[in-house]
Each structure stands twice: as C-alpha cells, then as structure tokens.
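What follows draws every value from the coordinates through simple rules; no lab data is involved. Keep in mind it's a predicted model, so treat the numbers as computed, not measured. Here the Cβ is made from the backbone with ideal geometry for all residues, glycine too, and neighbour counts use every protein chain on show.
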Amino acid sequence: MFKYTLDNKRYHTFNYFLKNKFGSKVFKIPLDAKTTCPNKKNGGCIYCKDGSKANITNNNLSLFEQYQNEVKILNKKWPNAKHIVYFQTGTNTNIPIEEFKKNIEQFLNIPNIVGISIATRPDCLNDDYYNYLEKLNKKTFLTIELGLQSAKDETLKLINRGHNVKCFEDSLKRFKKLNIFTVAHIINGLPYESKEDMLNTIRYLNKLGIDGIKIHMLHILKDTPLEELYKKEHFHILTKDEYIDIVISQLELLNEKIVIERITGDPIIEDLITPTWLTKKFVLLNDIDKQMVKKNTYQGIKKDAL
C-alpha cells in the first residue's frame, strides 16, 4: 500500500495528511466572505462564471453563522471531527487588510478549529498581507490556496488569467520563506494545451516545492467567454479516458510528499455544456484508482522528474 494513504489510494491523500497531522478526522468548512476578483475589471478568466462559489447551505448568513450551519450538518456524520475554516469564494485578500483580519480572527479561539485555509490570487497580495499571514501562521495551521492553472504563459494570456507565471512563482517563494503551507490550483484541458504542456506544469510545481495541489478538469459553462471561444474554434475537450491518462501521468511525476487535495472538479450542473462525464465524480475517481492498480503505478514513481 502507498505510504501516504489510509484507504488504498496510490497517491498522497488529503485525508491521510490531516489525520496524520491532527490525529483525528478533519473536514474543511467552506465559507463565503463575499469577496470579489480583481481580474473582473479586465473581463475575468474566460472559464469563470460568478466566481468560485462555496458549496454551502446559505451564503446570506454571517461568516460565523455559515460556520455554525455547516458544522451542524457535518457533525451528524463526524461528531468528533476537527475543522479547518475554508475561505473559498472569490479572492479573499481583495479587501482592506483590517476587514480581512476581522473575517479571520473570529475563528482563532474556537477549540475544534485547527486551521484556516484562504483561497486567493498571487497578484492580490501585498506586504501588509504577507506580514499578517506570517503572524497568523504562528497561531494556527494556515493554508494558502493560489491559482496558477498552467505553467505556460501563452495559456494564461489566452484564458485572460490576469497574471503571468513569474507572478505566481514570486508569491509562492514568499510563502515558502514564511513556512506557510501552500496549495496550487491547476486546470487540465485548457484550450490548445498538449499532454506535455500539462506534465510540464507538474514539473514546474515540483521544482518550486509546493505543499499541495488541486487538479481540475476544464469545463465549459453557459454564458462565459469560454463558451463563445468553443463555439467559434471547436478546440478539443479531453475525453474521460484522456483525462484519466493525463492525471495518472501527472501523479507519477509529482513528488510523493505533495498532498493531493483534489483530482477533479465539481461543475455547476445546470450551467454545464461539456464535458458531461464530469458530473459523475465518484465514478471518475474510482476509474482513476482502478487504472493506477492496473498499471501498478504510484504518485512519485518517476523519480527522475524531481
């Protein structure tokens, strides 16, 4: 069995990492702080619709009420679990630092909360934020989730990402110096990228020494610039088998110590145009597992890539 898993996976599972670190079941509580994305003024990423939404019961509640609401639901299954508060929606550092502090600090002295996770962009951080996050990291287990999507600048320009690869790298290096756990987000299947491009993104992240990764599959939503581009140019959308092959190849390259937080996304079903196979998440996850067993392969097996 792979050494960084508790459930026969062949990659370094987030569940293993959390249980090993905290000694119990830990789940993330997604919150919506109503922050917006600074890239919207430039039209936003072409695949985005209404920003990254937290999958929560009622985002009209206050942050603390959102937390309480989600805990009530999750405690029915895991009554003794610990929690990581996850500021998921939008760009959470796209607000004045004092407002950000108020959002965060109300959760620091609650016994069951063992960590804070913050989703943001590498181009939406300044010295005030880095200084505060350094202090926050000494009070709790802090995770920063940074969107990269691709290590290819041409792709970032095409998807109107609003920053380049160097911007991501500079931000990640600062977090590494502060010893802050950092998770990179990437997207497979971006327009005109080859399998080798997607593998190169993994090679790049290996060199930077990220702590964790979330892997998503590109999906096209209604009423987005990506939908218009797809209608016009009919670029290739990965099939399910192609996606499985690419993810496994990426895992084989990825340093075995890097935590896998996600290897597929959750599309908004009512807005989804394609690929529809993404709606069967657990089937996809099981098929990745089966194929890794069939190939007798593991995360990090290709050591020469490190």
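3J(HN,Hα) couplings calculated from phi for the range 177-182 with the Karplus curve 6.51 cos²θ - 1.76 cosθ + 1.60 (θ = phi - 60°) are, in sequence order, 4, 8, 6, 9, 5, 10 Hz; Gly and Pro show x. Site pair N131 and N206 shows an inter-label distance of 3.9 nm when each label is modelled 7 Å from Cα along Cα→Cβ. For a straight C-alpha distance cut-off of 20 angstrom, the lysines reachable from K166 (same-chain residues fewer than eight places away being disregarded) are K152, K157, K176, K177, K207, K214. Subtracting the Cα-Cα distance of I269 and V283 from 0.36 nm times their residue separation leaves 3.4 nm of extension gain. Rounded to the nearest 20, the size of the Cβ-charge dipole of the chain about its Cα centre is 1020 debye, with Lys and Arg at +1 and Asp and Glu at -1. Residues whose amide H falls under 5 Å from that of N188, counting only those 5 or more places apart or on a different chain, are H216, M217, L218, with hydrogens built in the peptide plane. Checking Cβ-Cβ separations below 4.7 Å across the chain identifies C37, C124, C167 as cysteines lacking any candidate disulfide partner. Values of log10 I(q)/I(0) for the range 175-249 across q = 0.14, 0.25 Å⁻¹ run -0.55, -1.16, by the Debye formula with one identical scatterer at each alpha carbon and no solvent.
Coordinate range of the alpha-carbon atoms in the chain per principal axis, descending: 48, 48, 38 Å. Among H236, H185, sorting on how many other beta-carbon atoms sit within 10 Å of each Cβ, with the fewest leading, yields H236, H185.
Only helical runs count toward this figure. For the chain, summing -39,500 (n - 2.57) over DSSP H runs of n ≥ 4 and dividing by all residues gives -11000 deg cm²/dmol at 222 nm.
Cβ crowding within 10 Å, taken as a proxy for footprinting-reagent exposure, orders V293, V85 from fewest neighbours to most as V293, V85. Its Cα gyration tensor gives the range 30-105 an equivalent ellipsoid, and the semi-axes of that ellipsoid, as √(5λ) in whole Å with the largest first, are 26, 15, 9.
Summarised in one figure, the compactness ratio Rg/Rh of the range 101-208, Cα atoms and Kirkwood Rh, is 1.03.
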